[in-house]
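S.K.: Dropping the structure in here first, questions after.
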Amino acid sequence: MPVALIWLIAALVLVGAEALTGDMFLLMLGGGALAASGSSWLTDWPLWADGLVFLIVSVLLLALVRPALRRRLTSGKTVKMGVSALEGKSALVLDRVAHDAGQVKLDGQVWTARPLNAGDVFEPGESVTVVHIDGATAVVFRDL
């Protein structure tokens, strides 16, 4: 069996195994094996030279291509879920919000609320921004 065919089979096995891991490591090694297969097919170098081509190309792919590829594939913004999605949203004051009590309408739901600063008071009809959610209470401050 020709050496180029063995390198090609190794490349295909590595790329196929990458489908199981998803780490992009085996894919880079598969690229090195494909380069070694090409060099073996195009030149009449000894086997150790093909191994050197495999090593150099694999290291270059791991060092240069893999980080950029991983950044590109994992650069999506994370979607906030639950109460953390409410932080930063505007709310309408329904019942006077003071240190001890108050209610706001936030995303169509009524929440108990308290001001961020203990001395602040918000009257019904005012618009406020949610700083964070503390248990079942929205901590709010005045919209700018």
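S.K.: If you check every pair at least six apart or on different chains, which have Cβ atoms under 8 Å apart with a residue in the stretch 127-144 that is polar (S, T, N, Q) first and a residue that is open to solvent by 10 Å² or more (accessible area, probe 1.4 Å) and at pLDDT 90 or above second?
M.R.: Sorted first by the residue in the stretch 127-144, then by its partner, the pairs are 127/90; 127/92; 129/89; 129/90; 129/141; 137/111; 137/112; 137/114.
S.K.: So residue 101 fits all but one of (1) in a loop (DSSP other than H, G, I, E, B); (2) aliphatic (A, V, I, L, M); (3) in the same structural domain as residue 31 (by the TED database); what number is the exception?
M.R.: (3)
S.K.: Of all residues in the stretch 68-100, count the ones that are on the phi < 0 side of the Ramachandran plot and open to solvent by 50 Å² or more (accessible area, probe 1.4 Å).
M.R.: Filtering the stretch 68-100 for residues on the phi < 0 side of the Ramachandran plot gives 68-81, 83-87, 89-100.
Subset that is open to solvent by 50 Å² or more (accessible area, probe 1.4 Å): 69-81, 83, 87, 89-90, 92, 94-96, 99-100.
So the count comes out to 23.
S.K.: So residue 109 clears everything in (1) touching a residue at least 12 places away in the same chain (Cβ under 8 Å); (2) exposed (fewer than 15 other Cβ atoms within 10 Å of the Cβ) except one condition, right? Which one?
M.R.: (1)
S.K.: Moving on. Given the criterion over 30 Å from residue 141 (Cα atoms), at pLDDT 90 or above and open to solvent by 60 Å² or more (accessible area, probe 1.4 Å), identify the matching residue among 20, 61.
M.R.: Working: 61 fails: open to solvent by 60 Å² or more (accessible area, probe 1.4 Å).
The match here is 20.
S.K.: Take the conditions closer than 14 Å to residue 139 by Cα, in contact (Cβ under 8 Å) with a residue 24 or more places away in the chain, out of contact with any Lys or Arg (no Cβ under 8 Å at 6 or more places or on another chain) and among the aliphatic types (A, V, I, L, M) and apply them to residue 104. Does it pass?
M.R.: Details: closer than 14 Å to residue 139 by Cα: yes; in contact (Cβ under 8 Å) with a residue 24 or more places away in the chain: yes; out of contact with any Lys or Arg (no Cβ under 8 Å at 6 or more places or on another chain): yes; among the aliphatic types (A, V, I, L, M): yes.
For residue 104, the condition - closer than 14 Å to residue 139 by Cα, in contact (Cβ under 8 Å) with a residue 24 or more places away in the chain, out of contact with any Lys or Arg (no Cβ under 8 Å at 6 or more places or on another chain) and among the aliphatic types (A, V, I, L, M) - is met.
The values are calculated or read from the model by the stated rules, or taken from the named source; none is laboratory data. Owing to the predicted nature of the structure, the values given are computational and were not obtained by experimental measurement. Cβ sites come from the backbone with ideal geometry, for glycine too, and all protein chains shown count toward neighbours. Accessible surface is based on the protein model in full, side chains and every heavy atom, while ligands, DNA and RNA are left aside. Shrake-Rupley method; radii C 1.70, N 1.55, O 1.52, S 1.80 Å.
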